[in-house]
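Please treat every number below as a calculation from the coordinates, not as lab data. Everything numeric here is computed off the predicted structure, so don't read it as measured data. Methodologically, a virtual Cβ is constructed for each residue, glycine included, from the backbone with ideal geometry; neighbour enumeration extends over all protein chains shown.
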Amino acid sequence: PRKIILDCDPGHDDAVAMLLAQAHPAIELLAVTTVAGNQSLPKVTHNALGVATLLGVTAPIAAGAEGPLVRSADYAADIHGDSGLDGVVLPAASVALDPRNAVDLIVELVMSHEPGEITLVPTGPLTNIALAIAREPGIVGRVREVVLMGGAAHTGNLTPVAEFNIAFDPEAADAVFSAGWPVVMAGLDVTHQALALPAVAERIAAVGGSKSVFMVDLIAEYGRRYSDVQGFDAPPVHDPVAVAIVIDEELGGGHVDLVRAPIAVETGGRHTTGMTVVDLRPWVAAGSDTPTSVALGLDAAWFWDLVVDAVAASPAP
Ligand code: BDR
Ligand code: CA
């Protein structure tokens, strides 16, 4: 299986990413690290511990950055609520928070594994990853790849052109995209194909048990909020798409369309700060040996099979 570190800000869709990373046999979850984003660091860390308890996650869980590198934090309370995970009943955490800082844990794990062994899967703002590069630049040559949820090659969500995770901390995103390691961007272009349609919720409900109830409540609340705030009929469940891309690679591919293309993060725009500028001009992208790729297509039926199987497969608490 592929060894990953899931760096997240749970967050409804981050919780689904945790579910998939924990349950799928092609993934070995080495750690869950938290970062301020959807809500404050204490709130998303509390949520991570509760979700980990529900799912039976045994990997260490460590808290990282309290806010962006240079800007002030602007949380996503409209989508995720005051708790960061409104609308679900979290079990009291029986999992203890790891005493290490997330940034130290990321550096420690990457440096103590063989080069090419660890894949980073960030599904929140990229602050922890940028800090880890700054703390130990040697991680860049040792990480197999970074498969992240964030950005958009076309339309944004926080602004016309910027996606939330990137816009929350553009300087961190710039550091991660320009580091020179392989980066796969699962942005809105692909995650808006991962819509939790009513048939999906019905399949998850049919599984039964505590994880099923939790995921049904989660999707219902998330769907209500996505409908109110962004007018979606069914909510895009962004973050597990990044995990699914790693699974697809590990199993031989075929369910995700990846296009190699240079990607730059705008940090000084008048109207475009936080934009991921993806150079899809065919004559540039085709001849490019850039280490960055963008995901543009997803086999959504395959993706939802993974999620439903994960609900059924995770160990009961
Ligand atoms: C991203 O923003 C967050 O609200 C979600 O958890 C996801 O990571 C989507 O733009
Ligand atoms: Ca997230």
Quiz item: Using the C-alpha gyration tensor of region 1-90, what are the square roots of 5 times its eigenvalues, in whole angstrom, with the largest one first?
Solution: 22, 15, 10
Practice problem: Based on a Kirkwood Rh over C-alpha pairs, give the Stokes-Einstein translational diffusion coefficient of region 95-220 at 25 °C and viscosity 0.890 mPa s in µm²/s. | Solution: 148
Quiz item: Quick one: Karplus J couplings for region 91-98, per residue in order, coefficients 6.51, -1.76, 1.60, θ = phi - 60°, nearest Hz, x for Gly and Pro?
Solution: x, 4, 5, 9, 9, 8, 6, 5
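Indicate, rounded to the nearest 5 percent, the antiparallel portion of the DSSP beta bridges found entirely in the chain.
Values: 10 of 35 bridges.
Within the chain, antiparallel bridges account for around 30 percent of the total.
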Practice problem: Among PRO170, VAL110, ALA312, flag the residue with its Cα farthest along the positive direction of the charge dipole of the chain, charges on Cβ as +1 for Lys/Arg and -1 for Asp/Glu. | Solution: VAL110
Quiz item: Per the Debye formula with a single identical scatterer at each Cα and no solvent contribution, what log10 I(q)/I(0) holds for region 204-317 at q = 0.10, 0.20, 0.21, 0.23 Å⁻¹?
Solution: -0.46, -1.16, -1.20, -1.26
Quiz item: Using θ = phi - 60° and the Karplus curve 6.51 cos²θ - 1.76 cosθ + 1.60, what whole-Hz ³J(HN,Hα) does each residue of region 148-157 get, with Gly and Pro shown as x?
Solution: 10, 8, x, x, 7, 7, 10, 8, x, 10
Exercise. Work out Dmax and Rg for region 205-248 from the C-alpha atoms and quote the Rg first, both in angstrom.
Key: 12.4, 33
Practice problem: May I ask for log10 I(q)/I(0) of the chain at q = 0.13, 0.16 Å⁻¹, from a Debye sum over the Cα atoms as equal point scatterers with solvent left out? | Solution: -0.85, -1.39
Quiz item: Exactly which trypsin sites (Lys or Arg not before Pro) in region 174-270 are in a DSSP loop and have at most 11 other Cβ atoms within 10 Å?
Solution: ARG270
Practice problem: Per DSSP H run of at least 4 residues, take -39500 (n - 2.57); add these up for the chain, divide by its residues and hand me the 222 nm value, nearest 500 deg cm²/dmol. | Solution: -12000 deg cm²/dmol
Quiz item: For the chain, modelled as a Gaussian network with Cα springs under 10 Å, which listed residue fluctuates most, LEU296, LEU306, LEU280?
Solution: LEU280
Quiz item: Expressed as a whole percent, how much of the Cα-Cα distance distribution for region 1-151 exceeds 27 Å?
Solution: 15
Exercise. Considering only ALA62, ALA153, ALA77, give the residue with the highest GNM mean-square fluctuation for the chain, with springs between Cα atoms whenever their separation is below 10 Å.
Key: ALA77
Quiz item: GNM on the chain, C-alpha springs below 10 Å: top fluctuator among GLY156, GLY64, GLY208?
Solution: GLY208
Quiz item: Cα convex hull of region 151-245: how many Å³ per residue?
Solution: 115
